[in-house]
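The values are calculated or read from the model by the stated rules, or taken from the named source; none is laboratory data. These figures come from a predicted structure and were not determined experimentally. Here the Cβ positions follow ideal geometry from the backbone for every residue, glycine too, while neighbour counts run over all protein chains shown.
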Amino acid sequence: GVDPALVPDVLGLMGDAIDNIPGVTGIGEKTASALVRQLGPVEAILDHLDEVERSGVRGAKKIRETLTREAETARLSKALATIRCDVPICLDLAALRYPGPDPDKLRPLFAELEFSSLLRELAPGGPAADVEWTAVDTPEAITAALPALRAAGAMSVVATFDSVRATAARFETLAVGHPSGPVALVAAPEEALPTLGPLFADLAVAKVGADLKALRVALGRRGLALAGPAFDLALASYCLNPSRTDHGIGALAEELLGEPLEPAATPAVAACRAARAAHALRPLLDERLRAHEMDRLFRELEMPLAEVLAEMELAGIALDVPALARLSTEFGTALERLMTEIYALAGCEFNISSPPQLRTVLFERLNISTRGVRRGKTGLSTDVDVLRRLAAEHPLPAKILEYRALAKLKSTYVDALPALVDPTTRRLHTSFNQTVAATGRLSSSDPNLQNIPIRTEEGRRIRAAFIAAPGHRLLSADYSQIELRVLAALSGDRRLGDAFRADEDIHARTAAEVFGDRSPADGRRLAKVINFGIVYGMGPARAARELGVSLPEATAYIEAYFGRYPGVRAFVERTVAEARTRGYVTTVLGRRRYLPELNARDPAVRQFAERAATNTPIQGSAADLIKVAMLEVRRRLRAAGLSARVLLQVHDELLLEVPEAELGRTQDAVREAMEQIGDLGVPLRVDVHDGANWTEAH
């Protein structure tokens with residue numbers, strides 16, 4: 001570096017193309033800096049050109065010749081690079097200070113140009129300048145704010161928590177908004193909740209917010225209730241477009257109000273802005289729900305279901321922690337044994353969890369054929385499908401799959417679940433996500449209890465650690481083949497419908513009609529793959545892999561299936577064609593899933609959308625029916641005075657905790673509730689079992 005005062009000299013020698021400073025030919029920044037450091041300013045260098053050759057810079061002789069020839073250019077360049085500080089001007093320097101962007105002028109411009117990111121980055125004019133809010137930090141101040149909210153008959157509520165698990169979370173911020181008055185920012189939410197409790201429970205005050213279920217759960221853990229009419233903005237958005245990934249107030253404000261919520265300096269101010277926007281969003285979403293005929297789905301299904309899900313989250317489920325500790329030791333020993341076997345088969349030790357190292361072992365050390373193996377950005381794939389195919393050529397891939405499956409069960413469930421048991425309730429509390437799956441299905445997280453395997457011995461042993469409370473039994477109520485029954489109803493296929501109406505084994509019937517050349521057991525296995533594969537839009541290539549047959553054989557089996565069930569083929573073709581015309585598909589309750597990808601140019605994207613168009617009416621309708629069943633089960637249990645509680649929903653199954661003395665009556669009530677939820681034209685059947693743990697009950 002050089003002294004700041006000599007920067008114009010460096011620029012004079014090296015030039016600056018941006019500012020049209022020519023500089024001296026052949027001299028760059030490094031040479032210019034070296035000359036200025038050693039010899040001083042440009043004038044001194046030009047006066048002592050003989051010293052340039054003794055400076056030690058590379059090409060010194062040639063540089064001296066160039067400086068001799070371009071001396072005037074060097075002087076001119078320095079002059080151009082020098083800031084004149086002696087120019088006589090009369091100007092107020094304060095007037096030159098940049099005041100920052102004008103949000104009011106930029107916002108309409110950015111909106112017109114669809115600069116969404118820049119819109120979000122626009123700084124607010126001041127702390128909560130767009131929202132009138134009042135901090136309420138004493139019980140007296142909170143009490144004083146309540147009459148206005150009660151008189152208005154409605155309030156918006158925005159809360160943030162210190163954890164995604166509402167059952168274990170503490171309030172971080174809480175803002176309560178008046179429809180036309182100021183927003184009340186509750187300074188210390190945890191301490192204020194007892195005072196606010198009567199307002200939350202007031203049946204005459206409507207509540208507006210996003211993800212009110214989390215608020216309901218958090219209040220429930222504190223012995224408080226959220227009652228009265230409610231409008232969940234996130235659920236309304238989900239009903240309108242379940243494929244959308246962000247149903248938060250910020251995203252909705254940007255779309256429906258024409259401008260995003262301005263960034264806030266603190267979470268508290270952000271909560272105030274969201275509370276104000278919530279009141280503006282409600283009528284807009286209300287209007288859209290009616291226009292798209294989604295208001296009944298929203299009010300009669302999703303909103304009441306949120307209350308049921310909150311009750312389930314609060315209930316939790318008991319866990320046999322010592323049993324999982326023993327299982328962890330067993331799984332650890334089994335993993336060590338598998339590791340030894342894997343190293344022996346590979347002929348070397350390597351990181352089994354490293355795809356690059358596994359790739360090297362499989363395809364280089366063992367020289368397993370790469371024919372048909374997909375190549376990704378990082379190299380040949382070693383995913384589950386690839387390893388299953390390679391298992392026919394070498395025993396190592398099968399051992400890798402076994403190791404991966406066991407390691408995942410150990411880390412995800414056996415070792416992780418005990419740490420998540422609530423110290424107060426001594427139960428495990430999951431969260432049910434109502435606005436995630438595009439098909440309308442519920443999902444589970446923190447922890448996810450919907451993916452514990454049921455068909456493997458290891459999975460069943462994990463499920464056995466989910467136990468009933470003393471004096472209770474776990475009751476599993478599982479729909480039998482509900483998606484195939486929905487397919488029979490939607491397609492109107494006579495053979496398929498008759499099979500269910502006659503209470504036949506649908507897989508055995510399909511095996512007899514499509515796989516007659518196979519043994520009964522093998523035919524039923526293949527029929528099961530085809531039956532469920534059709535539901536999920538499975539094509540010949542996937543069918544070949546799943547069935548373990550050639551592509552022509554798989555194609556022939558699918559054609560034979562459609563030949564036996566022509567109504568199903570017509571349904572698939574009709575559904576895809578209508579979806580391409582309308583842009584969406586619907587479920588039995590009118591839920592829509594928009595599929596713009598149906599008109600994509602990319603064949604892979606288009607084919608995915610076609611499979612989704614086939615699958616969504618079936619899977620989505622099944623999801624709708626199970627949600628209706630959850631509401632009906634709760635209604636019947638309450639009407640009968642039974643104290644059983646629904647604990648979990650795992651796709652087609654409801655898991656309840658039932659007092660032993662009420663078991664028989666509860667079984668009857670649950671079965672009737674689930675089987676009589678509607679007339680599809682195809683009967684619904686529910687398998688009901690009980691046990692001391694989840695495995696016994698299934």
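The table that follows gives values for the structure above.
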read-out: Arg460 being modelled with pLDDT of 95 or more, surrounded by fewer than 21 Cβ atoms within 10 Å (Cβ to Cβ) and in contact with a helix residue (DSSP H, G or I) (Cβ under 8 Å, 6 or more places away or on another chain); value: yes
read-out: Residue among Arg636, Arg582 that is touching an Asp or Glu at 6+ places or on another chain (Cβ under 8 Å), charged (D, E, K, R) and farther than 22 Å from Asn433 by Cβ; value: Arg636
read-out: Residue list for region 255-267, restricted to those being out of contact with any helix residue (DSSP H, G or I) (no Cβ under 7 Å at 6 or more places or on another chain) and assigned to a helix (DSSP H, G or I); value: Glu255, Pro267
read-out: Scan of region 263-279 for residues that are surrounded by fewer than 16 Cβ atoms within 10 Å (Cβ to Cβ) and of a type outside the set (Ser, Thr, Tyr), ordered by number; value: Pro263, Ala265, Pro267
read-out: Residues within region 282-299 that are surrounded by 15 or more Cβ atoms within 10 Å (Cβ to Cβ), in a helix (DSSP H, G or I) and touching a residue at least 60 places away in the same chain (Cβ under 8 Å), tallied; value: 3
read-out: Pro423 free of Cβ contacts under 8 Å to residues at least 40 places away in the same chain and crowded, with 18+ Cβ neighbours inside 10 Å; value: no
read-out: Verdict on Thr555 being part of a helix (DSSP H, G or I), polar (S, T, N, Q) and touching a residue at least 40 places away in the same chain (Cβ under 8 Å); value: no
read-out: Which listed residue is crowded, with 17+ Cβ neighbours inside 10 Å, in a helix (DSSP H, G or I) and not assigned by TED's automatic domain parsing to the domain that holds Arg593, from Ala192, Ala184; value: Ala192
read-out: Residue in region 347-361 that is basic (Lys, Arg) and either in contact with a strand residue (DSSP E or B) (Cβ under 6 Å, 6 or more places away or on another chain) or part of a loop (DSSP other than H, G, I, E, B) (or both) present; value: yes
read-out: All positions within region 558-593 that are at pLDDT 95 or above, hydroxyl-bearing (Ser, Thr, Tyr) and not in a helix (DSSP H, G or I); value: Tyr584, Thr586, Thr587
read-out: Subset tally (residues that are acidic (Asp, Glu) and out of contact with any strand residue (DSSP E or B) (no Cβ under 9 Å at 6 or more places or on another chain)) for region 472-493; value: 2
read-out: One residue from Arg671, Arg685, Arg611, Arg606 being among the charged types (D, E, K, R) and more than 23 Å from Leu484 (Cα to Cα); value: Arg606
read-out: Matching entry among Ala135, Ala204, Ala123 (being surrounded by fewer than 19 Cβ atoms within 10 Å (Cβ to Cβ), in contact with a Gly (Cβ under 8 Å, 6 or more places away or on another chain) and at pLDDT below 90); value: Ala123
read-out: Exclusive hit being at pLDDT 95 or above, under 30 Å from Ser550 (Cβ atoms) and in contact with a Leu (Cβ under 7 Å, 6 or more places away or on another chain), set Leu396, Leu406, Leu324; value: Leu396
read-out: Residue within region 295-311 that is at negative phi, in the same structural domain as Glu402 (by TED's automatic domain parsing) and of a type in the set (Val, Ile, Thr) present; value: no
read-out: When residues of region 1-22 are limited to those that are outside any helix (DSSP H, G or I) and small (Gly, Ala, Ser), the one surrounded by the most Cβ atoms within 10 Å (Cβ to Cβ); value: Gly15
read-out: Restricting region 175-226 to residues that are farther than 11 Å from Ala154 by Cα and acidic (Asp, Glu), the residue that is nearest to the chain's Cα centre (by Cα); value: Asp211
read-out: All positions within region 57-80 that are farther than 19 Å from Glu29 by Cβ and of a type in the set (Asp, Glu); value: Glu65, Glu72
read-out: One residue from Ala469, Ala502, Ala437 being of a type in the set (Gly, Ala, Ser) and without any contact (Cβ under 8 Å) to a residue 12 or more places away in the chain; value: Ala502
read-out: Output for region 657-698, where each listed residue is closer than 19 Å to Ala623 by Cβ, among the aliphatic types (A, V, I, L, M) and assigned to a strand (DSSP E or B); value: Val686
read-out: Region 12-69, residues that are under 26 Å from Ile83 (Cβ atoms), more than 60 Å from the chain's Cα centre (by Cα) and among the acidic types (Asp, Glu); value: Glu43, Asp47
read-out: Count - residues of region 171-181 that are surrounded by fewer than 21 Cβ atoms within 10 Å (Cβ to Cβ) and not hydroxyl-bearing (Ser, Thr, Tyr); value: 4
read-out: Scope region 482-499; condition touching a residue at least 60 places away in the same chain (Cβ under 8 Å) and not small (Gly, Ala, Ser); matching residues; value: Ile482, Glu483, Arg485, Val486, Leu487, Leu490, Asp493, Arg494, Arg495, Leu496
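For every residue, the table says whether it meets (1) of a type in the set (Gly, Ala, Ser); (2) surrounded by fewer than 19 Cβ atoms within 10 Å (Cβ to Cβ).
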site: Val321; (1), (2): no, yes
site: Gly332; (1), (2): yes, yes
site: Met339; (1), (2): no, yes
site: Tyr343; (1), (2): no, yes
site: Pro355; (1), (2): no, yes
site: Glu364; (1), (2): no, yes
site: Gly376; (1), (2): yes, yes
site: Thr382; (1), (2): no, no
site: Asp385; (1), (2): no, yes
